[in-house]
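Data block below; observations after.
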Protein chains: 2
Amino acid sequence: MRIGELAERAGTTTRTLRYYESLGLLPARRTGNGYRSYDEEDLRLLQQIRTLRDFGFELEETRPFVECLRSGHPAGDSCPASLDVYRRKLAELDECIARLSAIREGVGTQLVQAERARAELEAAATAPEGAPEPRCELTPPGP
Amino acid sequence: MRIGELAERAGTTTRTLRYYESLGLLPARRTGNGYRSYDEEDLRLLQQIRTLRDFGFELEETRPFVECLRSGHPAGDSCPASLDVYRRKLAELDECIARLSAIREGVGTQLVQAERARAELEAAATAPEGAPEPRCELTPPGP
DNA sequence: GTAGACCTTGACCCCGGCGTCAAGGCCAGA
DNA sequence: TCTGGCCTTGACGCCGGGGTCAAGGTCTAC
């Protein structure tokens with residue numbers, strides 16, 4: 001099969017396939033006229049790449065899975081190198097989620113404080129007494 | 001104060017300040033010789049920008065806060081536009097955390113299954129009977 | 001007068017993952 | 001034969017947030 005068909009069957013573009021080839025991630029055989037030629041095995045490799053990318057893996061991280069498949073294993077994650085990538089990804093995801101959660105709390109707190117400050121300002125405007133100074137500076141989350 | 005001093009006091013670089021000016025985010029007055037000139041108010045604006053950036057806000061998202069401060073409000077988040085940015089950021093963070101958590105679960109599941117498959121393969125290798133076919137294909141997380 | 005520390009603008013580089021031309025080859029159907 | 005649809009390589013663009021030259025101006029201290 002040629003590049004256009006493979007791209008369509010995998011739901012991607014020819015540009016993407018040429019890019020993967022330039023990385024050595026999905027090399028292609030050539031026919032006599034210079035056209036790239038792929039088979040069903042290449043489709044499987046490509047599907048493995050795309051699936052991992054949908055999970056947020058970088059292209060380089062998919063390489064162990066692809067090589068695992070190419071070396072004849074039944075699945076891309078049958079090899080220790082792939083499992084290591086899984087584990088590193090898990091740690092990375094956990095750290096990222098924790099960081100975002102901390103920021104989410106910080107922003108939520110800021111929003112509540114700022115809304116309260118505005119409410120106090122409006123209350124002070126309707127009942128003009130000694131308006132309490134609103135305090136809503138952001139504080140850095142640390143180094 | 002000149003650009004070098006402001007950069008140092010804010011813990012950033014002159015390149016960054018020039019970049020912010022090119023965005024219209026932190027304009028500078030000029031002295032007779034063409035040098036940029038800043039005052040304490042500019043330092044406050046810059047601190048507001050850097051603090052928000054530490055929270056993961058994009059530069060464009062800091063603009064309402066800076067303009068709020070510049071228009072004389074006591075804090076950058078004293079204005080409705082700033083609060084809207086807070087709310088949008090919260091929604092964005094929630095969505096991002098949810099997405100990452102789903103992926104984290106998916107990857108965790110994959111890891112467990114792949115480890116189990118390997119264990120079964122090894123067991124089959126030591127006790128060579130009818131080896132059960134390992135099934136550990138990744139499935140896409142959906143569109 | 002001259003060294004050195006500051007400042008100026010302009011321009012290119014980086015990261016990943018492609019999108020999007022441009023100019024030209026190859027092949028099938030009318 | 002010609003049109004249209006595939007294919008080829010090469011090259012530039014984009015996104016954000018600056019880093020890092022380069023070539024030159026300005027000021028201060030000695």
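The values are calculated or read from the model by the stated rules, or taken from the named source; none is laboratory data. Just so it is clear, the structure is predicted and the values come from calculations on it, not from any experiment. Quick reminder, even Gly has a Cβ in these numbers, built from the backbone with ideal geometry, and neighbours come from all protein chains shown. With ligands, DNA and RNA removed, areas are computed over all heavy atoms of the protein, side chains included. Shrake-Rupley method; radii C 1.70, N 1.55, O 1.52, S 1.80 Å.
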Problem set entry | Single residue of the range B:20-54 satisfying the filter (among the small types (G, A, S) and open to solvent by 70 Å² or more (accessible area, probe 1.4 Å)) that is farthest from B:G72 (Cα to Cα) | B:G32
Exercise. Restricting the search to the range B:28-49, which residues are within 13 Å of another protein chain (Cβ to nearest Cβ) and β-branched (V, I, T)?
Worked result: B:I49
For this session: Within the range B:57-72, count every residue that is surrounded by fewer than 16 Cβ atoms within 10 Å (Cβ to Cβ) and assigned to a loop (DSSP other than H, G, I, E, B).
Result: 3
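Listed here are the residues, each with its yes/no results for (1) hydroxyl-bearing (S, T, Y); (2) under 28 Å from B:A102 (Cβ atoms); (3) within 23 Å of the chain's Cα centre (by Cα).
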| residue | (1), (2), (3) |
| --- | --- |
| A:M1 | no, no, no |
| A:E5 | no, no, no |
| A:Y35 | yes, no, no |
| A:Y38 | yes, no, no |
| A:L43 | no, yes, yes |
| A:T51 | yes, yes, yes |
| A:F55 | no, yes, yes |
| A:G76 | no, yes, yes |
Seminar exercise, completed: The condition of being within 11 Å of DNA strand D (Cβ to nearest atom), at the interface with chain A (Cβ under 10 Å from one of its Cβ atoms) and in contact with a Phe, Trp or Tyr (Cβ under 9 Å, 6 or more places away or on another chain) holds, among B:L52, B:L25, B:L59, only for B:L52
Exercise. If we scan the range A:101-109, do we find a residue that is open to solvent by 60 Å² or more (accessible area, probe 1.4 Å), of a type in the set (A, V, I, L, M) and either away from DNA strand C (no atom under 11 Å from the Cβ) or part of a loop (DSSP other than H, G, I, E, B) (or both)?
Worked result: yes
For this session: Only residues in the range B:1-19 that are free of Cβ contacts under 8 Å to residues at least 40 places away in the same chain count as the first member; pair them with residues that are within 9 Å of DNA strand C (Cβ to nearest atom) and of a type in the set (F, W, Y), Cβ under 7 angstrom, at least 6 apart or cross-chain, and list the lot.
Result: B:R2/B:Y35
For this session: Take the residues in the range B:74-83 that are at the interface with chain A (Cβ under 10 Å from one of its Cβ atoms) and assigned to a helix (DSSP H, G or I), then tell me which one is surrounded by the fewest Cβ atoms within 10 Å (Cβ to Cβ).
Result: B:P80
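Could you look through the range A:3-22, keep only residues that are of a type in the set (G, A, S) and more than 14 Å from chain B (Cβ to nearest Cβ), and pick out the one that is farthest from DNA strand C (Cβ to nearest atom)?
A:G4
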Problem set entry | Failed criterion for A:I103 (all others in (1) within 16 Å of DNA strand D (Cβ to nearest atom); (2) within 10 Å of chain B (Cβ to nearest Cβ); (3) modelled with pLDDT of 95 or more hold) | (3)
For this session: Looking only at the range A:128-142, decide whether some residue is open to solvent by 70 Å² or more (accessible area, probe 1.4 Å), at pLDDT below 95, of a type in the set (K, R) and more than 34 Å from the chain's Cα centre (by Cα).
Result: yes
Exercise. Out of all the residues in the range A:2-19, which are open to solvent by less than 50 Å² (accessible area, probe 1.4 Å) and within 12 Å of DNA strand D (Cβ to nearest atom)?
Worked result: A:I3, A:G4, A:L6, A:A7, A:T14, A:T16, A:L17
